[in-house]
Amino acid sequence: MSKFDKVKSVYRQIKLNFSYLAKNALVLTTSAIAAFQVLGFLCDFDSIFPDGTSFLKRLFISALVVAAIWVVMFAIKCKCVLTKEKVVVIDADNGHHVYVEYGDLFENTGEHKNIVITANRCFDTLVDNDLISETTIHGMAVKRICSNGYTAEMLNEALQNDLLTNRQIKPNRILSTKDKRKGNLKRYPAGSVAEFKKAPDDMTTYFFVGMSAFNSDLHPETSDEEYMVTVQSLIEHCNSRSQRFPVYMPIIGTHGRNNKKSERELLEYMVSAFRFNKHLINTDIHIVVYSGCRESVSIYDL
């Protein structure tokens, strides 16, 4: 990245977070002024202004000082925003928190963890850029899992078996090839979760959560009600099945939403849902915003 591109990136991030930055700079400025007022009881500040200085001149100088303090505080907050990767949005009051952070959902952190993957409600595993795109979280997860001899067919069988045997979830509709021209034809209820672990000693467990339903053109669709059910079901599954290992998840619903909600709006809904279900949080939750979205999705003021 060239210096010009870096400057543009900084400008866009400041613009994106300007309201948050300005509000916090004002709070810090107010605190600084309050501190000066306390010092005023201990020190004599009358000598700051020469004798004979008019009221308007004193008022103008004072306003400049306040503005200068605000600019300094604004710059300090800008540095924090530009360098900070993670913020705490909810304290569950039990040692666990909900974090929103910039990063890579699949980053190897060297810890036992659970990763949430948003999938279609048939839990397909065919990544051919027709049924599932390799650019989606679903597609990237399947390609990541299916390596070293492990095939998409094996993953598909494992997911279907987990749904029917371990989760005991039955499909709520059997599709025809007219409804969906390729892939699995058993469609499960919105919010169904299938767990997958590649090997018993693997440190990562995947939570595949079914949200969208493919139409005849293989375009994913999700109603508002299905979206809310999915988020609530996921929160409850994390409570019962995380094994107290941290849970990493993307912004749920960035693909297949009919009403075209922005990523920020979806993020706000997720945080509000976790806040409402604070009593169900028994492990650390990490909502991961792709690091390439720093200029378009703010993680502050949630």
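The values are calculated or read from the model by the stated rules, or taken from the named source; none is laboratory data. This structure is a prediction, so every number in the text was calculated from the model and none was measured. Cβ atoms come from the backbone with ideal geometry, glycine included; neighbour counts cover every protein chain shown. Note: accessible area is taken over every heavy atom of the protein model, side chains too, but ligands, DNA and RNA are not part of it. Shrake-Rupley method; radii C 1.70, N 1.55, O 1.52, S 1.80 Å.
Residue-wise, which Karplus ³J(HN,Hα) couplings in Hz belong to the stretch 218-224, taking 6.51 cos²θ - 1.76 cosθ + 1.60, θ = phi - 60°, and x for glycine or proline?
Per-residue couplings from phi come out as 6, 9, x, 10, 9, 7, 4 Hz.
In whole Hz, what ³J(HN,Hα) sequence does the stretch 105-115 give by Karplus (6.51, -1.76, 1.60; θ = phi - 60°), x for Gly and Pro?
Ordered by residue, 3J(HN,Hα) equals 4, 9, 4, 7, 9, x, 9, 5, 7, 10, 10 Hz.
Can you send over the carbon and sulfur percentage of the accessible area for the chain, probe radius 1.4 Å, protein chains only?
Accessible surface attributable to carbon and sulfur in the chain totals 57 percent.
Roughly how compact is the stretch 58-144, stated as its Cα Rg over 2.2 N^0.38 Å to two decimals?
Expressed relative to 2.2 N^0.38 Å, the Cα Rg reads 1.88.
Can you give me the accessible area per residue for the stretch 139-227, using a 1.4 Å probe, in Å²?
So the stretch 139-227 comes to 52 Å² accessible per residue, rounded to a whole number.
Can you tell me the relative contact order of the stretch 56-139? Whole percent, Cα pairs under 8 Å, sequence separation 6 or more.
13 percent
For the stretch 110-226, compute Rh as the Kirkwood radius over C-alpha pairs and then the Stokes-Einstein diffusion coefficient at 25 °C and 0.890 mPa s; write the answer in µm²/s, rounded to an integer.
D = 170 µm²/s.
Can you tell me which lysines have their Cα less than 29 Å from the Cα of residue 79? Leave out same-chain residues fewer than eight positions away.
3, 6, 8, 15, 23
Give the aspartates and glutamates reachable from residue 182 as a straight Cα distance under 19 Å; neighbours fewer than 8 places away on the same chain don't count.
Within the straight-line cut-off, residue 182 pairs with 124, 128, 130, 134, 153, 157, 217, 221.
Report the FRET efficiency, 1/(1 + (r/R0)^6), for residue 153 and residue 245, where r is their Cβ-Cβ distance and R0 is 35 Å, rounded to 0.05.
With R0 = 35 Å, the Cβ-Cβ based efficiency is 0.80.
Residue 169's amide H: which non-local residues (gap 5+, or another chain) put their own amide H closer than 5 Å, with H modeled 1.01 Å from N in plane and none for Pro or chain starts?
164
Hey, what number do you get for the chain at 222 nm if only DSSP H runs of n ≥ 4 count, each worth -39500 (n - 2.57), divided across all residues, to the nearest 500?
After summing the helix terms and dividing by the residues of the chain, the value is -13000 deg cm²/dmol.
Among the lysines, which fall within straight-line cross-link reach of residue 198, defined as a Cα-Cα distance under 24 Å, with same-chain neighbours fewer than 8 residues apart omitted?
113, 143, 170, 186
Quote the accessible area belonging to residue 7 in square angstrom, nearest 10, computed with a 1.4 Å probe and with ligands, DNA and RNA left uncounted.
Number for this one is 90 Å².
Quote the FRET efficiency, to the nearest 0.05, computed for residue 144 versus residue 23 with a Förster distance R0 of 45 Å and r equal to the Cβ-Cβ distance.
Using R0 = 45 Å, I get an efficiency of 0.65.
Give the residue from 214, 169, 72 lying farthest towards the positive end of the charge dipole for the chain; charges sit on Cβ (+1 for Lys and Arg, -1 for Asp and Glu) and the dipole is referred to the Cα centre.
Highest projection toward the positive end goes to 214.
Counting Lys and Arg as +1 and Asp and Glu as -1, each charge on the Cβ, what is the dipole of the chain about the Cα centre in debye, to the nearest 20?
With only Lys, Arg, Asp and Glu charged at Cβ, the dipole is about 480 debye.
P(r) for the chain, please, calculated from all Cα pair distances in 20 Å bins and given in %.
Values per bin, smallest distances first: 28, 45, 18, 8, 1.
Identify the GluC sites (Glu not before Pro) of the stretch 128-222 meeting these criteria: DSSP loop state and at most 16 other C-beta atoms within 10 Å of the C-beta.
134
Between helix 3-16 and the chain, what is the angle of the helix's C-alpha long axis to the longest principal axis, kept within 0 to 90° and rounded to the nearest 10?
90 degrees
Over all distinct alpha-carbon pairs, what is the Kirkwood Rh of the stretch 73-115 in angstrom?
Over the stretch 73-115, the inverse of the mean reciprocal pair distance is 12.8 Å.
Points 7 angstrom from Cα along the Cβ direction at residue 217 and residue 2: gap in nanometres?
Spacing of the two 7 Å Cα→Cβ label points: 3.9 nm.
Report the FRET efficiency, 1/(1 + (r/R0)^6), for residue 60 and residue 272, where r is their Cβ-Cβ distance and R0 is 41 Å, rounded to 0.05.
So, using R0 = 41 Å, E works out to roughly 0.40.
Using the Cβ atoms and a cut-off under 13 Å, what net charge is assigned to the surroundings of residue 295, where Lys and Arg are +1 and Asp and Glu are -1?
Taking every other residue near residue 295 into account, the sum is +4.
Expected output is a single nm value to one decimal: the length gained when fully extending between residue 224 and residue 94, i.e. 0.36 nm times separation in residues minus the C-alpha distance. What is it?
43.6 nm
Given just the C-alpha atoms of the stretch 199-302, how large is their convex hull per residue in cubic angstrom?
Once divided by residue count, the hull of the stretch 199-302 is 136 Å³.
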